[in-house]
Structure formats: C-alpha cells, structure tokens
Amino acid sequence: MPKQEKPRRFARFRPIRAVLRNKEGTTAIEFGFVAIPFLMLLFGTIEIGLAFFADQVLSNAVLDAARTIRTGQAHAQGFDAGKFKESMLERLSGFPITSDRLTIDVERINNFSGYSSKPLIKDGDVTSDIGYNHGEAGEIIIVRALYRWPMFTSMMKTNYGDLASGDRLLVATAVFRNEPFPWSTQQASN
C-alpha cells in the first residue's frame, strides 16, 4: 500500500514546525529570562546579610564598650565622648566601620518607667540631639551607637534605606545600672 501524503493545505506550515522542533539555543534564552531576577535576588541577599552582620558586630562592640562605663573604668580614666568613641572604634577594628558615620549617644536617666525615647532620625538624617553623660555609681545609663550603613544598589537604597541619603541606620543599644564602684567620679558634661 502506498504511503499516504498529507494534504497540501498544511505544506505552508512546514518551516514553522521545523523551527518549533529545533531546540538549539533554548537554554540560553531561558537563562536570559531567569538570570536577571536570580542575580538581583542573590546580590540583594548578600547586601542585606552584610547589613545584618554589621549590626551584630556593632551590637557586640556597644555591649563591650558599655562595660567600661558600667564598671566605672570610663569614670576612672576620665572618658569623654571622643575617648568613648575611640574605645568603640578599637572594638570594631578589622570591620569596615568609619568614624565619620558613627554617632555615639550616652545618657543618664532617672528611672526605667519614666523614660521616653528621643527620635533618632530627624528630617531624613541622624538627629543631632546626642550627648555623653556616663553618670555616677548606681545610676541608669543608656548607650546607643548609630551607624549610617551604606546600601550599594539603588533597589536596596529605595526599599531598605532609612535616611534621605539611602543609607540604612544601624542602632545598637545597651541599658544598664552602673555598679557601685568605690572611687570618686569625674562627671562629663552633656
């Protein structure tokens, strides 16, 4: 029996069917569709991960530096805002944190229940309402370190930036009562 031929009316679709059957280059095209969102997700994850890591390093440095105030060592050594900031930066050595982006605020409060927090961001920038008062023995102290962490990609600046510059504000806080150290203290000015 002779082989039946397809009707001629479908003959004009043969080149289209040949192209649809050809699978060469399909992987490259599919990778092109997936590559951009994948790379955006990858770089975004890395950038947010670095910000969280920097926040943890900053928190550890604040807890460690605040111990000098709590135990009275800052009092005995006559610390002021500049010396305390230097002490913080020593604890952050080896990590890309610069002095010009770091703000330190140390304040004494009367009691835990009557304290109301002051705003940290004013008009899209870090507030200038900061000071240094390491208090006396037995007083309640709040130590805050504010760091303007730069966000590198424009998408992260837009979505995760806290400040007008697009930087993310990292805040580390330590609240404690000074120990009853026996020596006389040198009170720093506000």
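Conditions tested, residue by residue: (1) over 30 Å from LEU41 (Cβ atoms); (2) modelled with pLDDT under 85; (3) hydroxyl-bearing (Ser, Thr, Tyr).
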position	(1), (2), (3)
TYR115	yes, yes, yes
LYS122	yes, no, no
ILE130	yes, no, no
ALA145	yes, no, no
TYR160	no, yes, yes
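Starting from region 84-106, take each residue that is touching a residue at least 24 places away in the same chain (Cβ under 8 Å) and list its partners that are open to solvent by 60 Å² or more (accessible area, probe 1.4 Å), counting only C-beta distances under 7 angstrom and pairs at least six apart or across chains.
Every condition considered, the pairs that remain are ARG91/ASP64; THR103/ILE130; ASP105/ILE130.
For region 7-18, does any single residue satisfy the condition of being open to solvent by 90 Å² or more (accessible area, probe 1.4 Å), assigned to a helix (DSSP H, G or I) and at pLDDT 90 or above?
Within region 7-18, none of the residues are open to solvent by 90 Å² or more (accessible area, probe 1.4 Å), assigned to a helix (DSSP H, G or I) and at pLDDT 90 or above.
What are the residue pairs meeting all of these: first residue in region 143-170, first residue part of a loop (DSSP other than H, G, I, E, B), second residue open to solvent by 80 Å² or more (accessible area, probe 1.4 Å) and aromatic (Phe, Trp, Tyr), Cβ atoms under 7 Å, and 6 or more apart or on different chains?
MET151/TYR160; THR153/PHE43
Pairs, please: C-beta under 6 Å, at least 6 apart or cross-chain, first residue of a type in the set (Asp, Glu) and in region 116-139, second not in a loop (DSSP other than H, G, I, E, B)?
GLU139/ARG108
Being crowded, with 17+ Cβ neighbours inside 10 Å and part of a loop (DSSP other than H, G, I, E, B) is the filter here; which residues of region 90-118 pass it?
LEU92, ILE97
Among what's in region 71-89 and is surrounded by 19 or more Cβ atoms within 10 Å (Cβ to Cβ) and more than 25 Å from the chain's Cα centre (by Cα), pick the residue that is farthest from PRO182 (Cα to Cα).
Among residues in region 71-89 that are surrounded by 19 or more Cβ atoms within 10 Å (Cβ to Cβ) and more than 25 Å from the chain's Cα centre (by Cα), the one farthest from PRO182 (Cα to Cα) is PHE79.
In region 119-146, which residues are surrounded by 11 or more Cβ atoms within 10 Å (Cβ to Cβ), of a type outside the set (Val, Ile, Thr) and under 20 Å from ARG177 (Cβ atoms)?
Of everything in region 119-146, those that are surrounded by 11 or more Cβ atoms within 10 Å (Cβ to Cβ), of a type outside the set (Val, Ile, Thr) and under 20 Å from ARG177 (Cβ atoms) turn out to be GLY131, TYR132, ASN133, HIS134, GLY135, GLU136, ALA137, GLU139, ARG144, ALA145.
The values are calculated or read from the model by the stated rules, or taken from the named source; none is laboratory data. Predicted, not measured: the structure shown is a model, and the values here were computed from it. Cβ: placed from backbone, ideal geometry, glycine included. Neighbour counts: every protein chain shown. What goes into the accessible areas is simple: the full protein's heavy atoms, side chains included, and nothing from ligands, DNA or RNA. Shrake-Rupley method; radii C 1.70, N 1.55, O 1.52, S 1.80 Å.
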